Every structure is written in structure tokens, then in C-alpha cells.
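S.K.: Below you'll find the structure I mean.
The values are calculated or read from the model by the stated rules, or taken from the named source; none is laboratory data. Since the structure is predicted, the reported quantities are computational estimates derived from the model, not experimental observations. A quick note on method: Cβ atoms are made from the backbone with ideal geometry, for glycine too, and the neighbour counts reach across all protein chains shown.
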Amino acid sequence: MFKNGPMNPLFSAAVTALLVLLATVALATAPVRVDLERLGSGELLFATQQSGVYVPATKVSTTVDADIAGVVARVRVRQSFRNDGDDWVEAVYVFPLPENAAVDSLKLIVGERVIVGEVQPREQARQTYETAKSEGHRAGLVEQERPNMFTTSIANIAPGQTITVEIGYSQVLRYDGGRFSWRFPLAITPRYIPGEPLPRQSGGRGFAPDTDQVPDASRITPRYDADAKNPVTLRVRLNAGFPLQEVVSRYHPARVSHEGNEYRLEVRTTTAHDFELDWQPQVSRVPAAAAFSEDVAGDHYALILLMPPTRGATKEPPPRELIFVIDTSGSMNGTSIEQAKQALTLALERLRPHDRFNVIEFNDEAHALFSQPAPADRATVLMAERFVKRLRANGGTEMAKALRLALAGGAPEGYLRQVVFITDGSVGNEAALFRIIKERLHGANLFTVGIGSAPNSYFMRKAAEFGHGTYTYIGDVGEVGEKMQALFVKLEGPVLTDVRLVLPAGSEAYPATVPNLYRGEPVVVSAKVPTLNSVVAIRGRSGGHEWVRSLDLAKAAHGEIAIVWVRAKVEELEDEMVRGGDAAKLEKEITRLALAHHLITDYTSLVAVDKTPARPAGSELHQDRVPLQVPAGQSVDPAMLKRQPKALVGTLALDYDAYGYPTTATAAPLKLLLGAAAMLLAALLLLSGRRREAA
Amino acid sequence: MKRGRAWLFGAGALLALGFGVWQLAGGGYIYLKAQLAQVLLERSWRLARAGAADARPWPWADTRALLRLRVPRLGVEQIVLAGASNRTLAFGPGLMLASQLPGRPGVTVISGHRETHFSFLGRLRAGDLVELETPDGRRHDYRVEGHRVVDVRRSRLRLGGPADELVLITCYPLGGVHPLGPERYLVYARAVGQGAYLPPPSSSRR
């Protein structure tokens, strides 16, 4: 349109050029702006290959061999670390184990060589390891961070090499409601760390800094990799000692084969969801009692398992004041919050008109639905159901606030006060919370309901123990009904109280005080006895009557249960610490016991050193913190990732995909340039319009 | 015919004018935000230094003041934020949370926009002192060793290592206009030992 007008060709060319420039740049900026928003933080940890200073990911794969005999499992966990990089690597891997595992063996497997580890006081073990590491020797170190969380460190893995660590532990199985179960945790839900960062950091490399409330936070907050699929193979050999009705793998499809009383299965999966196998004896063969014994170094050990009477309280249970607490923190986001809401809704439906209740939700803050527990009438229950329906998971896990709120106040005379705590327990300040429970319980009972693919089993079990209640796991939406049903029966009240053991003089039994038992739970006691030629009597009160059973230890079957006793004693000493005992003295006692029995504890670690020289003096060693797989049904905060997922990067930015550098430019100069060009164009157009009019 | 043409030119001019104003305002806003935020951040930093639990610069902020960065020779003084997302970098330079805090072995990585906060990066010379102050009142001094231009498509960021190091990052070319360019300008610095403990600033809260 400019061509046919009487116009200066130079002028026309300038306008055209400007228009073309504007159009192209405007087209370019539109998608650019979308990308700028979507690119996210781009905070990558991946380091250079060209400078050769840092090495990309070490791969970890796990094999678990469980040998289950009677009520004890002996488990061998093999972790293989493969160094795919071009440099020598120190691999550090944080992993979960059952909270009652008695870890007593470590082997370092380098090709054909097997180096057996030894237990040493924690600091000394670290020294042994660090010395070996700096001298270029291959070494392995396993440290306990929490009873259910451990760290493996392997020094001096050569480029292309694989080193395997084998950890051995024993564990008493859970028996509840006529079913035995073996639970093997495979994932770690990110722990919430309360408190203020400490000025002095311990140097752990987790996503959280050490704080005044969790001084070891940087050690228990391993980073994740959104794309990681860490393979694991589980092989179970199960010999229950009696014919079984069924064997079920709860969360992983598995084919179970059996030969006589021995069942076998193998599962190949990834570290996304805790594994649980449970089995049920044939109805007629349900054991009423079981005893196992072992002689070690001239000492005699026994493990006793006894079913209380099935007919407990027959009369209508007393009215209750039920306080439901539901965790709505960020870690519950995903399938967990749905399971929790369903469980809570079921519990609300079960309330009787003469019960009183309240609902507390918590994340950064704790909020109660009613200012005081309300009578459970139609209106209040309906209100509660609506309240629950609207809950969303987001924010922190300030569990102390929730516990204080739930345990504040007392039930009216004649009411049984019960707190049902629904959570994934993903906190780092467990001991402080146990202390709050112990101090503020005032006769109430606390029941924990562990939710999700990887609840913190240590928190679940110990919180319930300090709360004189019991714990339940819900790992899948499909089992909410069944698991809650079992809990409702337990909420009717304990079936066996005032449990006392009558043991031969000079015996040492743990737990020192047997807790009140709820429906379906057995008495489980580990004892060290002067002689196995003795009879143990167990007394208690059930439904208003005295109840007595006795067991002949001479008839006990053999089992590897000595280490289980040591573990039970350590737990008793740890509990004493929570109850305010002399920490220094208890620490000394635990250390002594652990060294004598070759056990990993908070104060003792297992270390193995291969004396064969490995890394030459000239080459550097680089630490690689192996990232964890994200637990099933969860999404972790990008700040917890070791590497940004590719999905975060917009399609148009493909060329710049995951490069490890933040975008450090704004569109400001481009905008200014465009703006100026557009102004110029406007001026030119105006000018040209005037000239045409004048012409 | 003539009138129609003129009308068309007028409309075109108006459109271009509108677009121009829009772009200029958008660009100006970026500079303004960068300037203004540092003022609010100064307050947040004081709170953090005084030990306040909630030291967010403004109530809806998803970041907080983490460090104070000073380059005495260039008179630069800025508050460094937690995280290096684009949202954060609009307000101030940000510490990559995956990297290390100063005073520990490993690399502290701080990035900033080349047009605003980190426009001074090109003027840093080897031997320049860069000071980082942590909320506990400690000053960490770093000596600039040099700079490097990297292409993000071929290079990765190193975060490990036994030494306490600092890397400052901005986009390259330093005067460029492409907001998604693949090149980065990296300034390397190494710790020269921990400086003196600085008393917290006087605060009306205490």
C-alpha cells in the first residue's frame, strides 16, 4: 500500500523494516514469556564432565533376602553401588529399615573379596572410615540416624566399578488380629524439620539445614530425583511353623509358591512403596502361645509370645471423648490425604450419640473444629464431615502444636479419652514429640494411624506406645475400611490390663512394663534367663477377671532371638532417655551393650575397611549423595530434588533443557527496545499520514 | 480515498503507540521492581539478623533474605534471597538452594539478572573482595580469582569440592537482549578466611 503512494522510498523502507522487526520480535516474545514462567528455578546439582571435578549419579540397586522362621525374620539387605562416572566416588545413601531391626552385621563385597565389618563407637567408626577413605582404601560405613533410617557410605569406588554392601538384621514380626506381618520399608517420605537453623552446621548435605529442634536435620533429609527408579528385588522364604490359610503381599503383586509349610516368593519392584507380606494361620491352628530360645556365650535367651483371651470386655464400652487429629501437611498431598479423609469419615460415622468428639487438622498451625469437644449428635457429625471433606494438604508439619492441642483438657467424669492421630509421621523431631505425649497424656490413650506409601514407622509405633494405645497402617485406599474396622474394635478398650510376668529370679525381661493389650494383640516379651529349665507365668486382668497363663521354656523351639533381646533392651534404655533419664549414663550403657553384642545403635556404627590399596594418590575423590526415588502417590517440593525434572522445562525451551544454570536475564531490555521501536514507528506513521494529507 | 488512507495511518500509529507504551511500561516495571524490592528486603534482612522467626520481606513472599552481599570496591550492597527461581530473581540475587551456604566446604552459587542486580559482574576484577554476611552475623570474605563464559548446553555446574568457594552467575553477553540465551558469565571466588563477628543491627524489637 505504500508503493502506489507518492512517498520517499527511503522513508517507506524504514517503516517496512521497523514493521518486520516488530513483528518478528513480538512473535518471539510471546512464547518466551511463557517459558520464563515455566522454566522454574532450574537449580541443578549435576556437575561437569569436562572439568572432571564432579561425577554424575552413582546407581544403587538393592536385593533383600528375608528368612522368616516362626515369629522372627532374619534379613540380608544387599546394596550395590555402581559408579558410572569417570572419577573415583564416595557414595552416600540414606535408606529405611524396619524400626525394630537389630542390625548386627556388615560385609563389604569388592569383586571376589568379602570384608567383614566390625562395630565401633560412632565417632571412632567415622574416624576409621575417614582415615581409610583419605588413604585411598575402599571402606564401608553404616550409621543409624533414626531406628528406622540409616546411612551407608562407601569410599573409593573406582570408575566403572560396583561395590556391594551387605547388611544383616533380625526382627520380631508383628502379630495382630490373627495375622502375622513382615513389613519392609522401601521409601522415605521427606521429613519436615521444625525449628530455626543453627549457626553451626554439621555438614550433612540434606535439603534441610540443622535446626535447634532437629540438630541432625541435614543428615535425615536426603534429596530426591524425580526420574529415579531404584530397583529392588525382594526374596522371602517363610516358614511359619504351622499350616497357613493365606499369604498376601499387600502392595506388590507377587506369586507365592509353597512346598509343605515353606512358602517362597520373589518380587521385583522399585523403591516407591513399603513392602508388606502378611499371613494367616489356618483357623484351627491359631497359636495361643509360642516360645523361642537361644544360647549365646553361656547366656540363655527366650522370646515369649502369648495371646490374651479373645473375649475381653463384654459389656457396652463406656462413653468416650474421641479427639481425631488429621495431618494436612504438604507431605500428605496426593493419595495420602484421600486415605486419611476416608479413614476419618468412617470413624465419624461410628460415633455414638453419647460420645463426645472433636476434629483437629494441622500443618503449620493446628486448628480444632470445635472450641470444646462436642456431643456427637446429627448436626455436629454432619459439620465434621463437611469440615473433613474440604481439607487440603499443604504446608509444614508442626506436630507439637497438634499434640498439645489434642492432649489439652480432660474428658468429663466417666468418659474414656482417646486421641486418634492420622498422619504419615514425616517429622524429624520424634523424640521431642514422644516427650510431649508422655508429659501431657493424663490418662488418655493415643492411637496412631500411619498413612501413605511410606509412613515413618518409628514415629507410629513409639508414639502409640508412649500414648498407651496402638498403631495401624493404611497403605492403600482399598484397605481403609478393613484397617479402620480393626481399629474400632481396639477403641472399645483394652482386653488385658495390669500385665505382670513371673520369671525365675535373676531374669531380665523387656519391655520392663508390658503395656495394656488391645483386641488381637499378643504379649511379646524378650527375656534373658538364668536357666531354660523354668516356667514363666503371665498374669493380667481381663474383663474384670484375673487371667493367668504359664509357659515351659524347656519346650521352647530354637530361634535366633538373642540379638532381639539386646535390641529390646536398647529400646528400653532409649525410652528411659525420653522419660528424662540421665542421658550420659544411658548413652554409655547402650554403647557398652551394643559393642558387646555387635549391634548398630545411635551411638555405635558398623565399619569395614579393605586394606588393599585402591585409589592412587594422584586422583581426586568426589562425594555423590545418591538421590532417593520419590515415594508412590507423592510429589516432593522442587527444593528437595537433586536435579530438576525435565517436565518442568517448557517445550520451546528444549534446547536449554536441564542445564544446571538459572536463567539470569530478564526481558526488560528487549521490552525497552520493542517499546522504543514501536514509538518510532508510531511517529513515522503519524508523520507520513500528515504528509499525505498535506500533499 | 484520501481520508480512508489517513484514517488507516492514524489507527496504525495509535496501535504502535499503544504497543510501545505497553512494552516500555513492562520493561520499566522490571527495573522498578528490582530497585524497590531491595528496600523491602533490607528490612527483612534486619529482622533475620535480629533473630525473628518470620522474616519474610512482604506477607505473601515465598522467599526470604538469606545473605548480604558486598563488593566494597564497587560500592555494591545487596540482599541475597533464598532460591534462584525467576520469581525470586526479579527481586534480588538468589542463592541456589542446592548449593552450599558460605563457610562450609563446597560451592556457594549466587545468580542474578544481568540487567539489574548483577549488572556489576562485568566490572569485577581478579583480586576484588566479595563479602557475604550470614544472619548469624558472620562475615565470609571471598577473593575473586577470575571469570569464565560458559555455554549451558555443554557445561554443568560443579557444586562439590573440598574448598569453600563462591560462584556468581549472570547471563552473557553482558549487554545482550535475548532473555533465554544459552551463555552465562561466571565469576569465581575463593574464601580468604572468616572475617570478624558483626554485632546484630540495633532493632526496635529488642
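S.K.: Which helices (runs of 4 or more DSSP H) does segment A:424-491 wholly contain that include 1 or more residues that are surrounded by fewer than 18 Cβ atoms within 10 Å (Cβ to Cβ)? Before the answer, list the steps.
M.R.: Numbers: elements: A:430-440, A:457-466, A:480-491.
Passing ranges, in order: A:430-440, A:480-491.
S.K.: Which members of segment B:104-115 meet the condition of being more than 7 Å from chain A (Cβ to nearest Cβ) and surrounded by 19 or more Cβ atoms within 10 Å (Cβ to Cβ)?
M.R.: At the first step, the residues of segment B:104-115 found to be more than 7 Å from chain A (Cβ to nearest Cβ) are B:105-110.
Residues satisfying the conditions are B:G106, B:V107, B:T108, B:V109, B:I110.
For (1) of a type in the set (D, E); (2) at pLDDT 85 or above, each residue gets a yes or a no:
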| residue | (1), (2) |
| --- | --- |
| B:L101 | no, no |
| B:S119 | no, yes |
| B:E131 | yes, yes |
| B:P135 | no, no |
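S.K.: Let me confirm something: among B:F9, B:F19, which residue is at pLDDT below 85, surrounded by 18 or more Cβ atoms within 10 Å (Cβ to Cβ) and within 7 Å of chain A (Cβ to nearest Cβ)? Steps first, please.
M.R.: Details: B:F19 fails: at pLDDT below 85.
That would be B:F9, the only listed residue that is at pLDDT below 85, surrounded by 18 or more Cβ atoms within 10 Å (Cβ to Cβ) and within 7 Å of chain A (Cβ to nearest Cβ).
S.K.: So A:A347 passes all but one of these: (1) farther than 18 Å from A:A444 by Cβ; (2) in a helix (DSSP H, G or I). Which condition number does it fail?
M.R.: (1)
S.K.: Would segment A:511-524 turn up any residue that is in contact (Cβ under 8 Å) with a residue 12 or more places away in the chain, under 18 Å from A:D299 (Cβ atoms) and hydrophobic (A, V, I, L, M, F, W, C)?
M.R.: no
S.K.: Please pick out the residue among A:L173, A:L198 that is touching a residue at least 24 places away in the same chain (Cβ under 8 Å) and either crowded, with 18+ Cβ neighbours inside 10 Å or within 14 Å of another protein chain (Cβ to nearest Cβ) (or both). So that I can check it myself, show each step before the final result.
M.R.: Working: A:L198 fails: touching a residue at least 24 places away in the same chain (Cβ under 8 Å).
On inspection, the qualifying residue turns out to be A:L173.
S.K.: Right, another one. Going through segment A:581-630 one residue at a time, which ones are aliphatic (A, V, I, L, M) and more than 22 Å from A:E123 (Cβ to Cβ)? Don't jump to the end; show me each part of the working.
M.R.: Of the residues in segment A:581-630, the ones aliphatic (A, V, I, L, M) are A:583-584, A:586, A:590, A:593-596, A:599-600, A:606-609, A:614, A:617, A:621, A:626, A:628, A:630.
Residues satisfying the conditions are A:A614, A:A617, A:V626, A:L628, A:V630.
S.K.: Of the numbered conditions (1) in contact (Cβ under 8 Å) with a residue 12 or more places away in the chain; (2) surrounded by fewer than 19 Cβ atoms within 10 Å (Cβ to Cβ), A:L234 satisfies every one except a single condition; which is it?
M.R.: Status for A:L234: all satisfied but (2).
S.K.: Count, please, the residues in segment A:163-209 that happen to be in a loop (DSSP other than H, G, I, E, B), over 16 Å from the mean Cα position of the chain (by Cα) and within 30 Å of A:D610 (Cα to Cα).
M.R.: Within segment A:163-209, the subset in a loop (DSSP other than H, G, I, E, B) is A:173, A:177-178, A:185-191, A:193-196, A:198-209.
Cutting the leftovers down to over 16 Å from the mean Cα position of the chain (by Cα) gives us A:173, A:177-178, A:194-196, A:198-205, A:209.
Then drop every residue that is not within 30 Å of A:D610 (Cα to Cα), which leaves A:202-205.
Of the residues in segment A:163-209, 4 are in a loop (DSSP other than H, G, I, E, B), over 16 Å from the mean Cα position of the chain (by Cα) and within 30 Å of A:D610 (Cα to Cα).
S.K.: Moving on. Looking at this structure, is A:F357 farther than 26 Å from A:Y192 by Cβ, aromatic (F, W, Y) and surrounded by fewer than 17 Cβ atoms within 10 Å (Cβ to Cβ)? Reasoning before the result, please.
M.R.: Details: farther than 26 Å from A:Y192 by Cβ: yes; aromatic (F, W, Y): yes; surrounded by fewer than 17 Cβ atoms within 10 Å (Cβ to Cβ): no.
When the stated conditions are applied, A:F357 does not pass them.
S.K.: For A:T591, work out the one condition from (1) out of contact with any Lys or Arg (no Cβ under 9 Å at 6 or more places or on another chain); (2) in a helix (DSSP H, G or I) it doesn't fulfil.
M.R.: The failed condition is (1).
S.K.: Among the numbered conditions (1) assigned to a helix (DSSP H, G or I); (2) over 19 Å from B:L89 (Cα atoms), tell me where B:A52 comes up short.
M.R.: B:A52 satisfies every listed condition except (1).
S.K.: Here's a follow-up. Can you tell me which condition A:L141 does not meet? The list is (1) over 23 Å from the mean Cα position of the chain (by Cα); (2) in contact (Cβ under 8 Å) with a residue 40 or more places away in the chain, and all the others hold.
M.R.: (1)
S.K.: Does segment A:378-417 hold any residues that are charged (D, E, K, R), loosely packed, with under 11 Cβ neighbours inside 10 Å and not in a helix (DSSP H, G or I), and which are they?
M.R.: At the first step, the residues of segment A:378-417 found to be charged (D, E, K, R) are A:378, A:385-386, A:389-390, A:392, A:398, A:401, A:404, A:413, A:417.
Remaining after also requiring loosely packed, with under 11 Cβ neighbours inside 10 Å: A:378, A:386, A:389-390, A:413.
Once the filter is applied, which keeps residues that are charged (D, E, K, R), loosely packed, with under 11 Cβ neighbours inside 10 Å and not in a helix (DSSP H, G or I), segment A:378-417 yields A:R390, A:E413.
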